[in-house]
Amino acid sequence: MNRKQFIQTSATAMAAMITGSSFGFSKKTPLLSFSTLGCPDWTFEKIIQFAAANEFKGIEIRGIQRELDLNKCNTFNTAEKIKQSMLLLRENNLSIVNLGASATMHFPIGAERTKNIDDGKRFIDLANTLQCPYIRVFPNNLPKDQDKKITLDLIAAGLTELGNYAANTNVTVLMETHGDLVYTADIVYVMQQVNHAHVGLVWDMVNMWSITGEDPAMVFPQLQKHIRHTHIKDMVRNNGKDQYTFLGKGETPIFKAIDLLHKNHYKGYYSFEWEKLWHPEIAEPELAIADYASTMKAHFKGK
């Protein structure tokens, strides 16, 4: 590099520093994924085809063709099937970014707790084989007949056990902000009790806001260091019932949360969770998932 090139390069770098942006950051395309919860009847091949056609980079697996135990899915139930599935992903420049387990952590010591912990461990093993960085587990219920702190400590203990199991892998166990565990103070308490390198959060802002009404601007700074993955959706409340809408058509502050993540250099996926499996009346996945991709791209284009 001659002196003139050095001066030009230095000036460009200084301009970026002055404007407060890194090279290309403000125009960076977000990492988009979607949960297969939104397309419960699609084959794995169709999921891959649709994701690639709509320029997604990741897929979050929450069941395939209504089978939620991924170890039983034809896609992953043998070493050869896993090899074929991984090849199909690579050929389409896609990654599996999260496995959605049904394991819940709030049960007291006993057979039900052991079953759920063991389910979490099986998902960790599968995620490690699939080179998937995360599994999702639930905190879920806070039984009204039990002191809340006892339940929060049970959840923390379960997360710690799974984190320890994952410690020698490349997998991190993520607790979703979900069920009764949606108030920021309770979530912070659990994460402080765990304090484990292989445990983090899936931030579902709408799950929280629809119950707590807490402003994302207040929530995000307290949860930021734990957030590894997100669930993105929108909704309206009609006659006391939550109804899912296409992104930007609801009444939630979802874009406020998205912008907080982006401005604070969140490096994970913005994963669309269209709950078609649980709410068959909502729009078909071909419409909703494609709309999500185009809406997010348009939103970030202005950043």
Legend entry - Over 19 Å (Cα to Cα) - which of 144/233; 57/301; 144/241 fall in this group: 144/233; 144/241
Inset, instruction - Express in % the proportion of alpha carbon pairs of the stretch 185-227 at distances exceeding 11 Å. - result: 67 percent
Inset, instruction - Would you kindly work out the equivalent ellipsoid of the stretch 264-303 from its C-alpha gyration tensor and give its semi-axes, the square roots of five times the eigenvalues, largest first in whole Å? - result: 24, 13, 6
Legend entry - Semi-axes of the equivalent ellipsoid for the stretch 110-209, Cα gyration tensor, largest first, Å: 22, 15, 12
Inset, instruction - Please work out the Cα convex hull volume for the stretch 152-267 and give it in Å³ per residue. - result: 104 Å³
Legend entry - Point-charge dipole on Cβ atoms (K/R +1, D/E -1) for the stretch 84-191, about Cα centre, debye to 20: 140 debye
Inset, instruction - Any chance you could list P(r) for the stretch 67-130, counting all Cα-Cα pairs in 10 angstrom bins from zero, rounded to whole %? - result: 20, 46, 23, 10, 1
Legend entry - Extended-chain gain in nm, criterion 0.36 nm per residue less alpha-carbon gap, residue 45 and residue 31: 2.9 nm
Inset, instruction - Calculate, for the chain, the solvent-accessible area per residue in square angstrom, rolling a 1.4 angstrom probe over the heavy atoms of the protein chains. - result: 48 Å²
Inset, instruction - With just the Cα atoms of the chain, tell me how far they stretch along each of the three principal axes, in Å, largest first. - result: 72, 47, 44
Legend entry - Alpha carbon convex hull of the stretch 225-303, volume per residue in cubic angstrom: 110 Å³
Inset, instruction - May I ask you to derive the FRET efficiency for residue 128 and residue 239 from their Cβ-Cβ distance with R0 = 45 Å, giving the value to the nearest 0.05? - result: 0.50
Inset, instruction - Write down the radius of gyration of the stretch 51-176 and its Dmax, each obtained from C-alpha positions, in Å. - result: 15.9, 52
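The values are calculated or read from the model by the stated rules, or taken from the named source; none is laboratory data. The structure presented is a predicted model; accordingly, all values stated were derived computationally and were not measured. Reconstructed Cβ throughout: ideal geometry from the backbone, glycine too, with neighbour counts over all protein chains shown. In case anyone asks, the SASA skips ligands and DNA or RNA and just uses the protein heavy atoms, side chains included. Shrake-Rupley method; radii C 1.70, N 1.55, O 1.52, S 1.80 Å.
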